[in-house]
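The values are calculated or read from the model by the stated rules, or taken from the named source; none is laboratory data. The model shown is predicted, which means the values in this text are computed figures rather than measured ones. No Cβ is skipped: glycine too gets one built from the backbone with ideal geometry, and neighbour counts run over all protein chains shown. The protein model used for the area step is the full one, side chains on, heavy atoms only, and it has no ligands, DNA or RNA in it. Shrake-Rupley method; radii C 1.70, N 1.55, O 1.52, S 1.80 Å.
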Amino acid sequence: EDQVTQSPEALRLQEGESSSLNCSYTVSGLRGLFWYRQDPGKGPEFLFTLYSAGEEKEKERLKATLTKKESFLHITAPKPEDSATYLCAVQAGTSGSRLTFGEGTQLTVNP
Amino acid sequence: DTAVSQTPKYLVTQMGNDKSIKCEQNLGHDTMYWYKQDSKKFLKIMFSYNNKELIINETVPNRFSPKSPDKAHLNLHINSLELGDSAVYFCASSQRQGRPYNSPLHFGNGTRLTVT
């Protein structure tokens, strides 16, 4: 069974204080690893897809990396508007198009 | 706006009632999904339709019945509602045919169901 574990559950940062979120996964044949951002009262918003170990993608202050066992979402010099829950999900070769999600990391960036 | 839209946004009802949630997408996608998010923010797939055909049917009570009248719409009907059904239900869509198999899902903003 596909499994995704995210850590930490919650993270508080000061504005400008860089950090990383972790997503560990166990799947049969990874097709893709996805990062989403979810704001309160909203649906998850797509950020990145990573397909193979060693791949990296960047968007503004966010950078996602992938190894064979985990993915990191690095946040550089965060701002208060980066506060959200960040969700990691995997799509496996045996699961069709479904995504298996982790429980998310709730990020709060204080001004 | 191009989007996945769900109605209603909030649904408060009593145990034993029957209710429906509607979802529409105008992204031209061929696959739609229902996900359930519990109080711990954990998102779990319930159903998926591809071109009106049911392709994913997770282990959910048969009180939950999805219906897809066309590939742009996927509704969720729930019979005999129970307290444990309280959650946020998200509709999503993606494109399978002609795209990489791992195209991202686009989500609606959810329907918060409260059963009292």
Average beta carbon contacts from partner chains per residue of A:41-49, 10 Å cutoff: 6
GluC sites (Glu not before Pro), loop per DSSP, at most 14 other Cβ atoms within 10 Å - longest free stretch of chain A: A:61-111
Nearest-0.05 FRET efficiency for residue B:27 and residue A:60, computed from C-beta distance (R0 25 Å): 0.60
Carbon and sulfur %, accessible surface of chain B computed with the full protein complex present, 1.4 Å: 47
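Any chance you could tell me what percent of the C-alpha pair distances in chain B go past 24 Å?
Distances greater than 24 Å cover 20 percent of the Cα pairs.
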Interface burial for A against B (accessible surface, 1.4 Å probe, total of both chains, Å², rounded to 100): 1900
Distance (nanometres) between label positions extended 7 Å along Cα→Cβ at residue A:79 and residue B:39: 3.6
DSSP-assigned coil residues among trypsin sites (Lys or Arg not before Pro) in the stretch B:1-109, each with at most 15 further Cβ atoms within 10 Å: B:9, B:40, B:52, B:63
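Before I look further, what does the stretch B:20-73 give for accessible area per residue, probe 1.4 Å, in whole square angstrom?
It amounts to 52 Å² per residue over the stretch B:20-73.
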Compactness of chain A as Cα Rg over 2.2 N^0.38 Å, two decimals: 1.02
Principal axis dimensions, largest first and in whole angstrom, of the protein assembly as shown by Cα: 49, 39, 36
Average accessible area per residue (Å²) across the stretch A:25-111 - probe 1.4 Å, nucleic acids and ligands excluded: 43
Residue pairs, from the table A:63/B:44; A:79/B:22; A:63/B:71, whose Cα atoms sit over 32 Å apart: A:79/B:22; A:63/B:71
